[in-house]
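Asks: Encoded as structure tokens, here's the structure I'll be asking about.
The values are calculated or read from the model by the stated rules, or taken from the named source; none is laboratory data. This one's a predicted model, so the numbers in the text were calculated from it and none came from an experiment. Every residue, glycine among them, receives a Cβ derived from its backbone with ideal geometry; neighbour counts consider all protein chains shown. Surface areas here come from the heavy atoms of the whole protein model, side chains and all, with no ligands, DNA or RNA. Shrake-Rupley method; radii C 1.70, N 1.55, O 1.52, S 1.80 Å.
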Amino acid sequence: MSFFHRSSESSAVYNQRIPKIFTTLYLLTLTFVIMMQSPMNPFHVSLAGVDSSVFHYIASVMKNGGLIYRDTFDHKGPLLYFINYLGLNISYYSGTWFLEFITLLIWICITYRTARLFCKRIPACFAVFLSSTALIICFFGGNFPECYALPCISGALYIFTDYYINQKLSRIRLIICGGLLGCVLMLKPNLIAVWIVFCLSVFILKIYEKETQTLFFCVIWFFLGLSLSILPILLYLIKMGIFMDFVNTYILFNLNYSKDAGLGSSLLLTLKCFCRELVFPCFVISLIMLAAKNKAVYWRAYFAYFLLSVLLCNMSGNDYIYYRIMLVPCYVIPLSAFISRFNINKNNTYPLQVMLVIMSAVIVQQWDSPVVHTLSEMKNMTAEIDLGDEHHQELFRLIEEYTDEDDTFIVYGNEDCFYYYSHRFASSKYSFQYPIILIDENMRRNFFSELDKNMPSLILVQSLWCNDEYIQDFLETHPYQCITDFDDYALYLRMDNRFH
């Protein structure tokens, strides 16, 4: 009897593990397919995107002993540069890919756990799939601050949701929630909608319930977590003597960057971007129905969180599609809560059939190209770096021909990949100039002053800025000659450097 009893127990444990194994493989597969859309994937490394190249270049400046905000310019949070610096030390071309893979896997696991607060395993997997679809729409190659903020936003959302639904609250959760806010503040400050709405909601709720003592300790533990995540970075900035550079760039410049935002047009673009996808209508319908039918404070706060996220997403007025990544964590809770209303069992498989139909439609509409791309990248695996089209390859060849790794040059426009992939550095702290010199005239003056001082060996001008009066004036008044003129680039060589 004892033998059979143990066998029965082992069989039950084994049967419980199978669904967990399949769920784990499912979440890993979703993460892998999303991350294979990155040009930095180790199967076939190619040129990183415009913004990603800037972050890579700044990491290379840091590795060479330079300081962020002082020796090179960009206006993102310091944590983003530390992540890219760590990735650079793991692998020059694909290190950040591995870090981002881990980041997105953590996000997908948190998203699954959040969905499980409302529904069972299969519906939760379905909700995660739809949320991942929202991400892949605006992933755009990845390595953005929004990508690294995803587990922080979703983690905080899980903590707040579990508190409202199951009244779960602990010191460690409050510390974690504050710490996650600190991480996001050190990445990009407009990603904090979930903390603004739900902290305010909890504050009002505790005051209403006259639990001021509980509220006091909540605030203490929350700010402890916030301090633990922010203070090490601030102390580093102070120790390196770049704290004021950080303030001027990350805070003051970004305020100036956003003050003339074209909010209306950017909001319209957000709606256009998502409304053409099947996932967005499903999400909006679910959220509206839940917010309208439920009188609970939670759903009204959630609706406010979504609206604030949309506003903060568009606060710069720019139409960059990857800004919409910050809206992705909004999806899973309304979708999973709405799905949970349908009773799925052996006698009622109709909801499951509907899910399969929707899933198939979304796969055909949105996942067909990413899956094909993933298989293609794995099939054509190569150790060589794909340097882009013929023009890019020729430009890289000329850069290597006319300069050594100790020489500097400048790209006039915004394409830092030429520095990073040629293992060279810019002749100015402003490795890219657009759009920043359109915002701050002092930066334009400083940039050309540095060019006068450093006299770059080469100047590569993007076609969009070939007729720019400032660069044309500089080229005409200094000894430079055009050696290559493509439709999209013009390359100028300093005359005393031609026999390099």
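Asks: From the square roots a ≥ b ≥ c of the eigenvalues of the alpha-carbon gyration tensor of the range 383-435, which class results: rounded (a/c under 1.5), prolate (a/b over b/c), or oblate?
Replies: Judged from the Cα gyration tensor, the range 383-435 comes out oblate (a/c at least 1.5, b/c at or above a/b).
Asks: Separate question: Could you give the nm distance between label points at residue 438 and residue 43, where each point is 7 Å from its Cα heading toward the beta carbon?
Replies: Here the answer is 3.7 nm between the modelled labels.
Asks: Among 175, 106, 60, whose Cα projects farthest towards the positive end of the dipole of the chain, with charges put on the beta-carbon of Lys, Arg (+1) and Asp, Glu (-1)?
Replies: Value computed over the given set: 175.
Asks: Put +1 on the Cβ of each Lys and Arg and -1 on the Cβ of each Asp and Glu in the chain; which of 238, 21, 456 then has its Cα farthest toward the positive end of the dipole?
Replies: Looking along the dipole axis, the top candidate is 21.
Asks: Rounded to the nearest 20 debye, what is the charge dipole size of the chain about its Cα centre when +1 sits on each Lys and Arg Cβ and -1 on each Asp and Glu Cβ?
Replies: So the magnitude is around 3820 debye.
Asks: Here's a follow-up. Based on the mean of other beta carbon atoms within 10 Å per residue, what is the order of 191-200, 296-305, most packed first?
Replies: Descending mean neighbour count gives 191-200, 296-305.
Asks: I need the shape label for the range 372-500. Rule: rounded when a/c is under 1.5, else prolate if a/b > b/c, else oblate, with a, b, c from the alpha carbon gyration tensor.
Replies: In terms of gyration-tensor shape, prolate.
Asks: With a length cut of 15 Å (Cα positions projected on each helix's long axis) and a Kyte-Doolittle mean of at least 1.6, go through the chain and give me the DSSP H helices that pass.
Replies: Numbers: long enough: 2-35 (49 Å, 0.42); 50-63 (20 Å, 0.66); 78-90 (18 Å, 1.18); 95-116 (32 Å, 0.93); 121-138 (26 Å, 1.83); 145-166 (31 Å, 0.53); 171-185 (21 Å, 1.85); 193-208 (22 Å, 2.29); 212-239 (38 Å, 1.85); 263-275 (18 Å, 1.55); 279-293 (21 Å, 2.15); 297-313 (24 Å, 1.48); 350-362 (18 Å, 1.78); 368-379 (17 Å, -0.33); 390-402 (18 Å, -1.14); 441-454 (20 Å, -1.67).
Once both thresholds are applied, what remains is 121-138, 171-185, 193-208, 212-239, 279-293, 350-362.
Asks: Can you give the Rg/Rh ratio of the chain, where Rg is from the C-alpha atoms and Rh is the Kirkwood radius?
Replies: With Rg and the Kirkwood Rh in hand, the quotient comes to 1.02.
Asks: Here is a follow-up. Roughly how many Å² is the accessible area per residue of the chain, as a whole number, for a 1.4 Å probe?
Replies: Values: 23510 Å² over 500 residues.
So the chain comes to 47 Å² accessible per residue, rounded to a whole number.
Asks: Using a/c under 1.5 as the rounded threshold, could you call the range 78-211 rounded, prolate or oblate? The axes a ≥ b ≥ c are square roots of the C-alpha gyration tensor eigenvalues, and prolate needs a/b larger than b/c, oblate otherwise.
Replies: oblate
Asks: Still on this model: Under a Cβ-only charge scheme (Lys and Arg +1, Asp and Glu -1), can you give me the dipole magnitude of the range 158-269 about the Cα centre, in debye to the nearest 20?
Replies: Rounded to the nearest 20 debye, it is 200 debye.
Asks: Once every DSSP H run of n ≥ 4 in the chain is given -39500 (n - 2.57) and the sum is divided by its residues, what mean residue ellipticity at 222 nm do you get, rounded to the nearest 500 deg cm²/dmol?
Replies: The helix contribution divided over the chain gives -20500 deg cm²/dmol.
Asks: Separate question: Under the rule of at least 5 residues apart or a separate chain, name every residue whose amide H is placed under 5 Å from the amide H of residue 484.
Replies: 491
Asks: With a 10 Å radius around each residue's Cβ, average the other Cβ atoms per peptide and rank 401-414, 160-173, 123-136, 208-221, highest first. Mind dumping the intermediate values first?
Replies: Details: 401-414: 17.7, 160-173: 15.0, 123-136: 24.3, 208-221: 12.6.
Descending packing order for the listed peptides: 123-136, 401-414, 160-173, 208-221.
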